[in-house]
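The next block holds one structure in the form of structure tokens; read it before the comments.
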Amino acid sequence: MPLRPIAIALLPLALAGCMSPRPPLSLPDASVIGFDGQHAVPPDCAKMVQPSHLVDAGARYPGVTFGCATYSNLAAMLARPADLVAPKPYAGADAATAAAAVRRFAEDRIKPLNSTSTSAATSAGATP
């Protein structure tokens, strides 16, 4: 019967009305972190606001700044902010050094850490 292929073809169109709208595809990436020549500049969160599609009893929820906290924290933690503009090329790993470390660990020939110390407190609340 020819109605079956037509019904199968129209089924996705009929179900498309039941689905929620697609999420915004303009989510930020690391390019939102700026560089002023000396420091990393965190993104402007006001520019990153995505409108909320949630409604509760007629009241619309506030917008969300996807990624703002993540990229602001990343900007604060960068050790070399100049790497944002001109990163150092990857030189590769030294396989022989890595294999030797794994072999020492497997054979239980691990070197102990050097003992270091800082100023020791003499008693609770007292200064040295």
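The values are calculated or read from the model by the stated rules, or taken from the named source; none is laboratory data. Since the structure is predicted, the reported quantities are computational estimates derived from the model, not experimental observations. Using ideal geometry, Cβ is built from the backbone for each residue, glycine included, and neighbour counts are taken over all protein chains shown.
Among the conditions (1) modelled with pLDDT under 85; (2) not in a helix (DSSP H, G or I), residue 110 misses just one, which is (1). Restrict the check to the stretch 45-60 and report whether at least one residue is modelled with pLDDT of 70 or more, of a type in the set (A, V, I, L, M) and touching a Pro at 6+ places or on another chain (Cβ under 9 Å). Within the stretch 45-60 (the criterion being modelled with pLDDT of 70 or more, of a type in the set (A, V, I, L, M) and touching a Pro at 6+ places or on another chain (Cβ under 9 Å)), the answer is yes, since at least one residue qualifies.
Listed by first and then second residue, the pairs with beta-carbon distance under 7 Å, at least 6 apart or on different chains, first residue in the stretch 96-114 and without any contact (Cβ under 8 Å) to a residue 60 or more places away in the chain, second surrounded by 10 or more Cβ atoms within 10 Å (Cβ to Cβ) and not β-branched (Val, Ile, Thr), are 110/104. Taking residue 104 as the residue in question, decide whether it is of a type in the set (D, E, K, R), modelled with pLDDT of 80 or more and surrounded by 10 or more Cβ atoms within 10 Å (Cβ to Cβ). So residue 104 passes the test.
In a residue-by-residue description of the stretch 59-79, the property of being over 22 Å from the mean Cα position of the chain (by Cα) and in a loop (DSSP other than H, G, I, E, B) applies to at least one position.
When you scan the stretch 26-85, how many residues do you find that are small (Gly, Ala, Ser) and either touching a strand residue (DSSP E or B) at 6+ places or on another chain (Cβ under 9 Å) or touching a residue at least 40 places away in the same chain (Cβ under 8 Å) (or both)?
Residues meeting the conditions: 10.
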